[in-house]
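Heads up: the structure comes next, in C-alpha cells.
Bear in mind that the values in this text are calculations on the coordinates, not laboratory data. Just so it is clear, the model here is predicted, and its values are computed rather than measured. Methodologically, a virtual Cβ is constructed for each residue, glycine included, from the backbone with ideal geometry; neighbour enumeration extends over all protein chains shown.
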Amino acid sequence: MIRFVVRRLVQSVPLLLVISLLIFALIHAAPGGPLSTYLENPNVRPEDIERLRKAMGLDRPLGMQYLSWLWAFVRGDWGFSYADGRPVLDRLVERIPATLELIGVACVMALIAALPAGILAAVNRRFDRVSSIFAVAGISLPVFWFGLLLQLVFAGALGWLPSSGRASFDGGDFVDRVAHLILPATVLAAALSAAWSRYLRRAMRDTVARPFIRAARSRGLSERTLLLHHALPNALPTFVTVVLLDISMMASGAVVTESIFAWPGIGSLFTEALGKRDYAVLMAFLMCGSVAVMVLNLVADLAVHTLDPRTRDAA
C-alpha cells in the first residue's frame, strides 16, 4: 500500500508540471490582462502603463515569466494579487473555510438523500420509477437556473431565507449562518444526490443479481439482511469511488453556486479574479484545484482497496 501511494505521488509530479504549463499559457493567451482597466482609461499615460507592466514582470518573455512563477510557487511564494496587492495565499486561506463548509454540508445532505433512495430504487420498481423522474430533473436542471428559482421563491416571495451571503451584516449567530447556508447547499446537494442515487441503484442491482446473493436468500435470510449486510457492502466500492471523484471536482470551488448566492468562498474569488485577469490568483486557484483532484483521486483508490480486498493485488 505504501509503495502504491509513493508511486502515485511520484507520477503526479510531471502531470502537475504539464497542467501548470498549459494553464499558464492559456491564461496569458486570453484577451485583456491585469492592465486592461488602465489601458481603457484615457487619463493614464503610456509611461505609467509601461512602469506597471515592468513592476508586475509582464514585460519579460512568457517562458521566463513561467519559470519565475514556477520556482516561486514551489517555494511557497505565490505572489501578490494584481487587484489589491495582498498576498495570494492569504486571499485563498481566508476563502477556503467558506467553500469547505458549503461543500461539506451539501455532501452530507446529498448522502442522506442518495443512500436510501438508491437502495429502495434497486429493490422497489414503483419507487424506482418515481425516483427516476426526480433524478433526471436534478441532473438536468441548470445550476444557475435552479439557484435563481430558489432565491425567487424562498427569499423573494416567501421571505423565509436570506438570498445571499454567509451571514448577516452584524455577523449573525449560529441560526443565522445556517439560514444563509440552506439555499446554496440545497442547490449543490440536489444534483449530487440525483446522480449518486442512480449510481448506487445500479451498483445494488448488479450485486443483488450475483450468485452469492441468491445462495444467501436460499438459506432463508431476510431481504433486509441481504440488502444491508451482503449487497450494500459489495456495492459500496463503486459508490464511494463516484462520490469521492465528484467531491474532487467540487474541491476547486462551486463557482456558479457561490457566484449566485454571493458566497464568500474560493469559487467566487475565482470569478472575481477572472474578471480582472488577476493572473497570480488564477494560477494559484487552478493549481490548488488540480492538486485537490489528484489527492482525492488517490483517496478514492485507497478507499476502494480498503473496502474491496480483491483490488489490492492489482495495485
Charge dipole of the chain about the Cα centre (unit charges at C-beta), most positive-ward option of S163, A215, V299: A215
Charge dipole magnitude, Cβ of K and R +1, D and E -1 - the chain, Cα centre, debye nearest 20: 1580
Check: the range 2-74 dipole with +1 on Lys, Arg Cβ and -1 on Asp, Glu Cβ, in debye: 540
Charge dipole magnitude, Cβ of K and R +1, D and E -1 - the range 168-285, Cα centre, debye nearest 20: 1080
Spacing of the two label points (7 Å from each Cα toward its C-beta) at V295 and V44, in nm: 3.6
Rh (Kirkwood; distinct C-alpha pairs) - the range 88-311, Å: 19.3
Rel. contact order, % - alpha carbon contacts under 8 angstrom, at least six apart, the chain: 25
Two-site label geometry, R7 and L228: point separation in nm, points 7 Å out along Cα→Cβ: 3.9
Dipole-positive endmost among L152, V93, A114 within the range 92-205 (Cβ charges, Cα centre): A114
Positive-end residue of W69, H28, V44, charge dipole of the range 2-74 with Cβ unit charges: W69
Largest to smallest principal axis extent of the C-alpha atoms in the range 1-117, angstrom: 64, 35, 24
